[in-house]
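Worksheet: one structure, shown below.
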2 protein chains.
Amino acid sequence: MRYCSECAGAVSLQSLEYDSRKRYRCNTCSRVHYLNPKIVVGCVAYFEDRVLLCRRALEPDRGLWALPAGFIEEGESLEEAAAREAEEEAGLKLDLQRLELYSLLSLPDINQVWMTFRIELPREPTLRAGPESLEVALLREGDLKVNDWAFSVHLGNRPVVLFEQIRTKRFSVHTWSVGGKKTAV
Amino acid sequence: MRYCSECAGAVSLQSLEYDSRKRYRCNTCSRVHYLNPKIVVGCVAYFEDRVLLCRRALEPDRGLWALPAGFIEEGESLEEAAAREAEEEAGLKLDLQRLELYSLLSLPDINQVWMTFRIELPREPTLRAGPESLEVALLREGDLKVNDWAFSVHLGNRPVVLFEQIRTKRFSVHTWSVGGKKTAV
(Lines give C-alpha, C1' and ligand atoms only; values in the text may rest on other atoms or scores of the structure.)
Protein backbone atom coordinates (compact mmCIF):
# COMPACT_ATOMS: atom_id res chain seq x y z
CA MET A 1 0.00 0.00 0.00
CA ARG A 2 1.56 3.29 -1.14
CA TYR A 3 -1.32 5.72 -1.73
CA CYS A 4 -4.62 6.63 -0.05
CA SER A 5 -7.59 5.07 -1.82
CA GLU A 6 -9.73 8.10 -0.95
CA CYS A 7 -7.50 11.10 -1.76
CA ALA A 8 -4.46 9.63 -3.61
CA GLY A 9 -2.09 11.14 -1.04
CA ALA A 10 1.00 9.15 -0.02
CA VAL A 11 0.53 6.84 2.98
CA SER A 12 3.14 5.89 5.56
CA LEU A 13 3.29 3.43 8.45
CA GLN A 14 2.50 5.43 11.58
CA SER A 15 2.07 4.71 15.29
CA LEU A 16 -1.43 5.56 16.51
CA GLU A 17 -2.65 6.18 20.05
CA TYR A 18 -4.18 3.04 21.65
CA ASP A 19 -2.86 0.78 18.90
CA SER A 20 -0.01 -1.67 19.33
CA ARG A 21 0.62 -1.96 15.57
CA LYS A 22 1.76 0.64 13.10
CA ARG A 23 -0.90 1.42 10.51
CA TYR A 24 -0.92 2.82 7.00
CA ARG A 25 -2.16 6.37 7.39
CA CYS A 26 -2.56 9.02 4.71
CA ASN A 27 -0.12 11.90 5.10
CA THR A 28 -2.66 14.22 3.47
CA CYS A 29 -6.16 13.35 4.78
CA SER A 30 -5.10 11.28 7.87
CA ARG A 31 -7.35 8.37 6.97
CA VAL A 32 -6.14 5.07 8.47
CA HIS A 33 -6.13 2.04 6.15
CA TYR A 34 -6.36 -1.25 8.05
CA LEU A 35 -5.26 -4.52 6.46
CA ASN A 36 -7.01 -7.69 7.59
CA PRO A 37 -7.10 -11.38 6.68
CA LYS A 38 -9.65 -12.42 4.09
CA ILE A 39 -12.25 -15.17 4.31
CA VAL A 40 -12.37 -18.06 1.84
CA VAL A 41 -15.58 -20.10 1.99
CA GLY A 42 -15.77 -23.67 0.73
CA CYS A 43 -18.49 -26.24 0.40
CA VAL A 44 -18.63 -30.01 1.01
CA ALA A 45 -21.76 -31.07 -0.92
CA TYR A 46 -22.24 -34.83 -0.81
CA PHE A 47 -24.68 -37.44 -2.07
CA GLU A 48 -24.44 -40.94 -0.66
CA ASP A 49 -20.67 -41.66 -0.57
CA ARG A 50 -19.68 -39.09 -3.19
CA VAL A 51 -18.50 -35.48 -2.80
CA LEU A 52 -18.83 -32.62 -5.26
CA LEU A 53 -15.40 -31.71 -6.62
CA CYS A 54 -14.26 -29.33 -9.32
CA ARG A 55 -11.22 -29.81 -11.54
CA ARG A 56 -9.63 -26.40 -11.57
CA ALA A 57 -9.40 -24.44 -14.82
CA LEU A 58 -7.28 -21.73 -13.19
CA GLU A 59 -3.88 -21.56 -11.55
CA PRO A 60 -2.77 -22.35 -8.96
CA ASP A 61 -3.20 -26.11 -9.24
CA ARG A 62 -4.91 -26.08 -12.64
CA GLY A 63 -6.09 -29.60 -13.47
CA LEU A 64 -6.34 -30.76 -9.85
CA TRP A 65 -9.58 -31.34 -7.94
CA ALA A 66 -10.88 -29.06 -5.19
CA LEU A 67 -14.00 -28.30 -3.24
CA PRO A 68 -15.94 -25.35 -4.66
CA ALA A 69 -14.50 -22.38 -2.76
CA GLY A 70 -13.71 -18.70 -3.05
CA PHE A 71 -13.58 -15.34 -1.31
CA ILE A 72 -16.74 -14.15 0.42
CA GLU A 73 -18.14 -11.01 -1.21
CA GLU A 74 -19.38 -7.83 0.45
CA GLY A 75 -23.06 -8.16 1.40
CA GLU A 76 -22.96 -11.94 1.74
CA SER A 77 -23.37 -14.23 4.72
CA LEU A 78 -20.96 -17.16 4.99
CA GLU A 79 -23.67 -19.59 3.87
CA GLU A 80 -24.59 -17.41 0.89
CA ALA A 81 -20.95 -17.38 -0.17
CA ALA A 82 -20.70 -21.18 0.10
CA ALA A 83 -23.87 -21.63 -1.95
CA ARG A 84 -22.75 -19.09 -4.57
CA GLU A 85 -19.45 -20.89 -5.06
CA ALA A 86 -21.23 -24.23 -5.58
CA GLU A 87 -23.53 -22.60 -8.12
CA GLU A 88 -20.81 -20.68 -9.98
CA GLU A 89 -18.37 -23.56 -10.15
CA ALA A 90 -20.72 -26.51 -10.56
CA GLY A 91 -24.20 -25.20 -11.41
CA LEU A 92 -25.56 -26.56 -8.14
CA LYS A 93 -28.32 -24.73 -6.26
CA LEU A 94 -28.15 -25.34 -2.51
CA ASP A 95 -30.66 -24.80 0.28
CA LEU A 96 -28.99 -22.22 2.53
CA GLN A 97 -30.90 -23.44 5.57
CA ARG A 98 -29.30 -26.87 5.32
CA LEU A 99 -25.66 -25.78 5.27
CA GLU A 100 -23.77 -26.71 8.44
CA LEU A 101 -20.34 -25.59 9.52
CA TYR A 102 -17.75 -28.24 8.66
CA SER A 103 -14.34 -26.73 9.46
CA LEU A 104 -12.46 -23.55 10.21
CA LEU A 105 -8.83 -23.09 9.19
CA SER A 106 -6.52 -20.16 9.92
CA LEU A 107 -3.69 -19.58 7.43
CA PRO A 108 -1.91 -16.62 9.05
CA ASP A 109 1.07 -16.74 6.68
CA ILE A 110 -1.16 -15.81 3.73
CA ASN A 111 -3.71 -13.80 5.72
CA GLN A 112 -6.64 -16.06 5.01
CA VAL A 113 -9.25 -17.89 7.07
CA TRP A 114 -10.96 -20.80 5.30
CA MET A 115 -14.44 -21.79 6.43
CA THR A 116 -16.05 -24.86 4.99
CA PHE A 117 -19.73 -25.77 5.14
CA ARG A 118 -21.27 -29.17 4.48
CA ILE A 119 -24.60 -30.18 3.00
CA GLU A 120 -26.14 -33.53 2.15
CA LEU A 121 -27.79 -33.37 -1.27
CA PRO A 122 -31.36 -34.70 -1.26
CA ARG A 123 -30.98 -36.30 -4.72
CA GLU A 124 -28.42 -36.91 -7.45
CA PRO A 125 -27.86 -33.41 -8.82
CA THR A 126 -27.37 -32.21 -12.38
CA LEU A 127 -23.97 -30.52 -12.54
CA ARG A 128 -22.54 -28.03 -15.01
CA ALA A 129 -18.91 -26.88 -14.99
CA GLY A 130 -18.60 -23.11 -14.62
CA PRO A 131 -15.81 -21.05 -16.23
CA GLU A 132 -13.40 -21.77 -13.35
CA SER A 133 -13.79 -25.55 -13.68
CA LEU A 134 -12.57 -27.92 -16.41
CA GLU A 135 -14.91 -30.60 -15.11
CA VAL A 136 -17.17 -31.16 -12.10
CA ALA A 137 -18.27 -34.46 -10.61
CA LEU A 138 -19.44 -36.29 -7.52
CA LEU A 139 -16.46 -38.47 -6.65
CA ARG A 140 -15.89 -41.41 -4.33
CA GLU A 141 -12.90 -41.79 -2.07
CA GLY A 142 -11.22 -44.25 -4.43
CA ASP A 143 -11.66 -42.01 -7.48
CA LEU A 144 -8.78 -39.70 -6.53
CA LYS A 145 -5.18 -40.20 -5.51
CA VAL A 146 -3.48 -37.98 -2.94
CA ASN A 147 -1.77 -35.99 -5.70
CA ASP A 148 -5.05 -35.32 -7.51
CA TRP A 149 -6.21 -32.92 -4.78
CA ALA A 150 -5.71 -29.16 -4.87
CA PHE A 151 -5.66 -27.41 -1.50
CA SER A 152 -6.17 -30.54 0.54
CA VAL A 153 -5.04 -28.36 3.45
CA HIS A 154 -8.65 -27.14 3.24
CA LEU A 155 -9.58 -30.57 4.58
CA GLY A 156 -6.74 -30.72 7.07
CA ASN A 157 -4.85 -32.81 4.51
CA ARG A 158 -7.34 -35.50 5.48
CA PRO A 159 -9.69 -36.26 2.59
CA VAL A 160 -9.82 -39.75 4.10
CA VAL A 161 -11.44 -38.31 7.23
CA LEU A 162 -14.01 -36.44 5.15
CA PHE A 163 -15.13 -39.62 3.40
CA GLU A 164 -15.21 -41.51 6.69
CA GLN A 165 -17.43 -38.78 8.19
CA ILE A 166 -19.76 -38.88 5.20
CA ARG A 167 -20.08 -42.68 5.45
CA THR A 168 -20.85 -42.57 9.15
CA LYS A 169 -22.71 -39.20 9.05
CA ARG A 170 -20.81 -38.26 12.17
CA PHE A 171 -19.32 -34.80 11.90
CA SER A 172 -17.56 -32.50 14.32
CA VAL A 173 -16.33 -29.00 13.54
CA HIS A 174 -12.56 -29.16 13.06
CA THR A 175 -10.84 -25.85 13.96
CA TRP A 176 -7.13 -25.55 13.36
CA SER A 177 -4.30 -23.37 12.16
CA VAL A 178 -1.39 -23.89 9.77
CA GLY A 179 1.65 -21.61 9.83
CA GLY A 180 2.11 -18.42 11.80
CA LYS A 181 3.83 -18.20 15.15
CA LYS A 182 2.17 -21.33 16.50
CA THR A 183 1.25 -24.32 14.42
CA ALA A 184 -1.41 -26.64 15.77
CA VAL A 185 -2.78 -29.19 13.33
CA MET B 1 -12.59 3.68 -3.17
CA ARG B 2 -11.46 6.36 -5.63
CA TYR B 3 -7.75 5.85 -6.22
CA CYS B 4 -5.35 2.91 -6.67
CA SER B 5 -3.39 2.18 -3.49
CA GLU B 6 -0.37 1.11 -5.57
CA CYS B 7 -0.05 3.84 -8.25
CA ALA B 8 -2.53 6.60 -7.19
CA GLY B 9 -4.33 6.33 -10.53
CA ALA B 10 -8.13 6.77 -10.59
CA VAL B 11 -10.13 3.54 -10.20
CA SER B 12 -13.51 2.76 -11.73
CA LEU B 13 -16.01 -0.08 -11.38
CA GLN B 14 -15.37 -2.41 -14.29
CA SER B 15 -16.73 -5.74 -15.57
CA LEU B 16 -14.06 -8.44 -15.67
CA GLU B 17 -14.02 -11.70 -17.58
CA TYR B 18 -15.22 -14.67 -15.45
CA ASP B 19 -16.55 -12.40 -12.70
CA SER B 20 -20.22 -11.79 -12.00
CA ARG B 21 -19.54 -8.60 -10.04
CA LYS B 22 -18.06 -5.31 -11.14
CA ARG B 23 -14.73 -4.60 -9.46
CA TYR B 24 -12.71 -1.51 -8.69
CA ARG B 25 -9.90 -1.53 -11.21
CA CYS B 26 -7.17 1.03 -11.73
CA ASN B 27 -7.51 2.92 -15.01
CA THR B 28 -3.72 3.36 -15.08
CA CYS B 29 -2.04 0.12 -13.88
CA SER B 30 -5.09 -2.24 -14.28
CA ARG B 31 -4.74 -3.61 -10.75
CA VAL B 32 -8.04 -4.98 -9.40
CA HIS B 33 -8.96 -4.02 -5.83
CA TYR B 34 -11.30 -6.53 -4.19
CA LEU B 35 -13.44 -5.56 -1.20
CA ASN B 36 -14.32 -8.30 1.28
CA PRO B 37 -16.04 -8.65 4.66
CA LYS B 38 -13.82 -8.36 7.72
CA ILE B 39 -13.50 -10.76 10.63
CA VAL B 40 -14.20 -9.69 14.22
CA VAL B 41 -13.00 -12.20 16.82
CA GLY B 42 -14.46 -12.30 20.31
CA CYS B 43 -13.76 -14.29 23.44
CA VAL B 44 -15.99 -15.87 26.09
CA ALA B 45 -13.60 -16.45 29.00
CA TYR B 46 -15.41 -17.83 32.04
CA PHE B 47 -14.62 -18.94 35.56
CA GLU B 48 -17.27 -20.88 37.47
CA ASP B 49 -20.52 -19.01 36.67
CA ARG B 50 -18.91 -15.70 35.70
CA VAL B 51 -17.89 -14.34 32.28
CA LEU B 52 -15.17 -11.83 31.48
CA LEU B 53 -16.76 -8.58 30.30
CA CYS B 54 -15.31 -5.18 29.49
CA ARG B 55 -17.08 -1.86 29.98
CA ARG B 56 -16.34 -0.01 26.78
CA ALA B 57 -14.28 3.18 26.89
CA LEU B 58 -14.89 3.86 23.20
CA GLU B 59 -17.90 4.56 21.02
CA PRO B 60 -20.08 2.97 19.89
CA ASP B 61 -21.79 1.92 23.12
CA ARG B 62 -19.31 3.58 25.46
CA GLY B 63 -20.16 2.61 29.04
CA LEU B 64 -21.87 -0.66 28.12
CA TRP B 65 -20.44 -4.14 28.69
CA ALA B 66 -19.12 -6.39 25.93
CA LEU B 67 -17.03 -9.47 25.39
CA PRO B 68 -13.42 -8.68 24.52
CA ALA B 69 -13.46 -8.52 20.72
CA GLY B 70 -11.86 -6.85 17.74
CA PHE B 71 -10.66 -7.20 14.18
CA ILE B 72 -8.23 -10.00 13.44
CA GLU B 73 -4.83 -8.67 12.33
CA GLU B 74 -2.68 -9.78 9.42
CA GLY B 75 -0.45 -12.70 10.43
CA GLU B 76 -2.78 -13.95 13.17
CA SER B 77 -4.80 -17.13 13.53
CA LEU B 78 -8.36 -16.77 14.82
CA GLU B 79 -7.32 -18.10 18.23
CA GLU B 80 -4.36 -15.72 18.43
CA ALA B 81 -6.70 -12.82 17.71
CA ALA B 82 -9.13 -13.92 20.43
CA ALA B 83 -6.31 -14.25 22.95
CA ARG B 84 -4.81 -10.89 21.98
CA GLU B 85 -8.13 -9.12 22.48
CA ALA B 86 -8.51 -10.66 25.96
CA GLU B 87 -4.99 -9.54 26.82
CA GLU B 88 -5.29 -6.02 25.38
CA GLU B 89 -8.68 -5.29 26.87
CA ALA B 90 -8.47 -7.11 30.19
CA GLY B 91 -4.84 -8.07 30.83
CA LEU B 92 -5.71 -11.75 30.63
CA LYS B 93 -3.25 -14.28 29.18
CA LEU B 94 -5.03 -17.26 27.61
CA ASP B 95 -3.80 -20.70 26.60
CA LEU B 96 -4.37 -20.79 22.82
CA GLN B 97 -4.68 -24.57 22.83
CA ARG B 98 -7.72 -24.41 25.09
CA LEU B 99 -9.81 -22.02 23.00
CA GLU B 100 -12.85 -23.68 21.41
CA LEU B 101 -15.16 -22.25 18.76
CA TYR B 102 -18.30 -20.85 20.39
CA SER B 103 -20.26 -19.12 17.61
CA LEU B 104 -20.14 -17.75 14.08
CA LEU B 105 -22.24 -14.79 13.02
CA SER B 106 -22.56 -13.24 9.56
CA LEU B 107 -23.49 -9.55 9.44
CA PRO B 108 -23.70 -8.98 5.68
CA ASP B 109 -25.18 -5.48 5.99
CA ILE B 110 -21.98 -4.20 7.60
CA ASN B 111 -19.60 -6.64 5.85
CA GLN B 112 -18.45 -8.37 9.01
CA VAL B 113 -18.24 -11.96 10.24
CA TRP B 114 -18.00 -12.34 14.03
CA MET B 115 -16.34 -15.46 15.41
CA THR B 116 -16.38 -16.10 19.10
CA PHE B 117 -14.19 -18.55 21.01
CA ARG B 118 -14.75 -19.85 24.51
CA ILE B 119 -12.34 -20.84 27.24
CA GLU B 120 -12.77 -21.98 30.82
CA LEU B 121 -10.27 -20.22 33.07
CA PRO B 122 -8.36 -22.60 35.33
CA ARG B 123 -8.35 -20.15 38.26
CA GLU B 124 -9.66 -16.75 39.29
CA PRO B 125 -7.62 -14.41 37.10
CA THR B 126 -6.09 -11.04 37.85
CA LEU B 127 -7.61 -8.53 35.45
CA ARG B 128 -6.42 -5.11 34.32
CA ALA B 129 -8.48 -2.76 32.18
CA GLY B 130 -6.72 -1.82 28.94
CA PRO B 131 -7.08 1.58 27.22
CA GLU B 132 -10.28 0.50 25.43
CA SER B 133 -12.03 -0.49 28.67
CA LEU B 134 -13.33 1.67 31.54
CA GLU B 135 -13.54 -1.39 33.74
CA VAL B 136 -13.22 -5.17 33.38
CA ALA B 137 -14.77 -7.87 35.53
CA LEU B 138 -16.01 -11.43 35.74
CA LEU B 139 -19.78 -11.00 35.95
CA ARG B 140 -22.67 -13.30 36.81
CA GLU B 141 -25.90 -13.47 34.88
CA GLY B 142 -27.75 -11.34 37.45
CA ASP B 143 -25.09 -8.61 37.46
CA LEU B 144 -26.26 -7.07 34.18
CA LYS B 145 -29.61 -5.96 32.78
CA VAL B 146 -30.50 -6.38 29.12
CA ASN B 147 -29.69 -2.73 28.43
CA ASP B 148 -26.24 -3.00 30.00
CA TRP B 149 -24.94 -5.12 27.09
CA ALA B 150 -23.16 -3.74 24.04
CA PHE B 151 -23.39 -5.85 20.89
CA SER B 152 -25.47 -8.57 22.44
CA VAL B 153 -26.09 -9.62 18.83
CA HIS B 154 -22.63 -11.15 19.24
CA LEU B 155 -24.34 -13.67 21.52
CA GLY B 156 -27.41 -14.03 19.34
CA ASN B 157 -29.12 -11.56 21.67
CA ARG B 158 -29.10 -14.45 24.10
CA PRO B 159 -26.78 -13.75 27.02
CA VAL B 160 -29.19 -15.95 28.99
CA VAL B 161 -28.23 -18.91 26.79
CA LEU B 162 -24.54 -18.23 27.32
CA PHE B 163 -24.89 -18.38 31.09
CA GLU B 164 -27.04 -21.50 30.87
CA GLN B 165 -24.36 -23.16 28.71
CA ILE B 166 -21.63 -22.20 31.17
CA ARG B 167 -23.62 -23.60 34.08
CA THR B 168 -24.27 -26.90 32.34
CA LYS B 169 -20.94 -26.95 30.42
CA ARG B 170 -22.90 -28.06 27.38
CA PHE B 171 -21.96 -26.05 24.31
CA SER B 172 -22.82 -26.31 20.64
CA VAL B 173 -21.47 -24.03 17.91
CA HIS B 174 -24.21 -21.57 16.99
CA THR B 175 -23.95 -20.38 13.36
CA TRP B 176 -26.34 -17.74 12.14
CA SER B 177 -26.82 -14.60 10.10
CA VAL B 178 -28.47 -11.25 10.75
CA GLY B 179 -29.47 -8.93 7.93
CA GLY B 180 -28.69 -9.30 4.23
CA LYS B 181 -30.99 -10.90 1.71
CA LYS B 182 -31.97 -13.75 4.02
CA THR B 183 -32.26 -13.49 7.75
CA ALA B 184 -32.04 -16.68 9.75
CA VAL B 185 -31.63 -16.27 13.50
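The values are calculated or read from the model by the stated rules, or taken from the named source; none is laboratory data. This one's a predicted model, so the numbers in the text were calculated from it and none came from an experiment. All Cβ positions, even for glycine, are placed from backbone atoms using ideal geometry, and neighbour counts span all protein chains on display. Heavy atoms of the whole protein, side chains included, go into the accessibility calculation; ligands, DNA and RNA do not. Shrake-Rupley method; radii C 1.70, N 1.55, O 1.52, S 1.80 Å.
Restricting the trypsin sites (Lys or Arg not before Pro) of region A:109-146 to loop positions (DSSP other than H, G, I, E, B) with no more than 13 neighbouring Cβ atoms within 10 Å leaves A:ARG123, A:ARG128, A:ARG140, A:LYS145.
To the nearest whole number, what is the average tally of beta carbon atoms from other chains within 10 Å of the beta carbons of peptide B:18-25? Walk me through the numbers before you get to the answer.
Details: counts 6, 2, 3, 3, 0, 0, 1, 0.
The mean count of partner-chain Cβ atoms within 10 Å per residue comes to 2.
Taking a probe of 1.4 Å and counting only protein heavy atoms, give the total accessible area buried between chains B and A in Å², rounded to the nearest 100.
On the way: alone 11130 and 11100 Å², together 17980 Å².
Summed over both sides, the interface buries about 4200 Å².
Take each residue of peptide B:78-85, count the partner chain Cβ atoms within 10 Å of its Cβ, and average: the result is 4. As an equivalent ellipsoid, chain A spans semi-axes of 36, 18, 15 angstrom, where each value is the square root of five times an eigenvalue of the C-alpha gyration tensor, largest first.
Taking trypsin sites (Lys or Arg not before Pro) across region A:1-74, none is in a DSSP loop with at most 10 further Cβ atoms lying within 10 angstrom of its Cβ.
Rounded, prolate or oblate: which fits region A:121-177 when a ≥ b ≥ c are the square roots of the eigenvalues of the alpha-carbon gyration tensor, with rounded for a/c under 1.5 and prolate only if a/b beats b/c?
Details: a/c = 1.76, a/b = 1.29, b/c = 1.37.
Verdict is oblate for region A:121-177.
Distance from the C-alpha centroid of region A:136-154 to that of region B:1-24: 35 Å, rounded to the whole angstrom. With all protein chains kept in place, the per residue accessible area of the protein assembly as shown amounts to 49 square angstrom at a probe of 1.4 angstrom. For the residue pairs A:LYS22/B:LYS145; A:LYS169/B:LYS22; A:LYS169/B:LYS93; A:LYS181/B:LYS22; A:LYS38/B:LYS145; A:LYS145/A:LYS169, the alpha carbons lie more than 29 Å apart in A:LYS22/B:LYS145; A:LYS169/B:LYS22; A:LYS169/B:LYS93; A:LYS181/B:LYS22; A:LYS38/B:LYS145. Sorted from nearest, the other copies put their B:ASN27 label points 2.5 nm away, the label point being 7 Å from Cα in the direction of Cβ.
Overall shape of region A:24-117 was characterised from the C-alpha gyration tensor. The equivalent ellipsoid obtained from it has semi-axes of 30, 16, 12 Å, in decreasing order.
Over all distinct Cα pairs, what is the inverse of the mean 1/r for region A:1-61, reported as the Kirkwood hydrodynamic radius in Å? It would help to have the intermediate numbers written out before the result.
Details: mean 1/r = 0.0645 Å⁻¹.
Here the Kirkwood hydrodynamic radius works out to 15.5 Å.
Rounded, prolate or oblate for the protein assembly as shown? Axes are the square roots of the Cα gyration tensor eigenvalues, ordered a ≥ b ≥ c, and the cut-off for rounded is a/c under 1.5. It comes out oblate by the Cα gyration axes. Estimated from helical segments only, the mean residue ellipticity of chain A at 222 nm is -4000 deg cm²/dmol, where each DSSP H run of four or more residues counts as -39500 (n - 2.57). Each label was represented as a point 7 Å from its Cα along the Cα-to-Cβ direction; for B:THR126 and B:GLU164 these points are 3.8 nm apart.
Just to confirm the filter: which chymotrypsin sites (Phe, Trp or Tyr not before Pro) across region A:128-180 are DSSP coil and have at most 15 other Cβ within 10 angstrom of their Cβ? Present the calculation step by step, with values, prior to reporting the outcome.
Values: sites: A:TRP149, A:PHE151, A:PHE163, A:PHE171, A:TRP176; in loops: A:PHE151, A:PHE171.
Counting only loop positions with at most 15 other Cβ atoms within 10 Å, the chymotrypsin sites (Phe, Trp or Tyr not before Pro) in region A:128-180 are A:PHE171.
Each listed q (0.16, 0.20, 0.22, 0.28 Å⁻¹) maps to a log10 I(q)/I(0) for region A:72-119, found by the Debye formula over equal Cα scatterers with no solvent: -0.47, -0.70, -0.82, -1.10. In whole percent, how big is the carbon plus sulfur part of the accessible area of the protein assembly as shown, probe 1.4 Å, protein atoms only? Here carbon and sulfur together make up 46 percent of the probe-accessible area.
Under the shape rule built on the C-alpha gyration tensor, where the axes satisfy a ≥ b ≥ c, region A:62-158 is rounded, since a/c falls short of 1.5.
Would you mind giving the mean number of other chain beta-carbons within 10 Å of the Cβ of each residue in B:36-43, as a whole number?
Working: counts 11, 12, 6, 8, 1, 1, 0, 0.
Average neighbour count from other chains, rounded to a whole number: 5.
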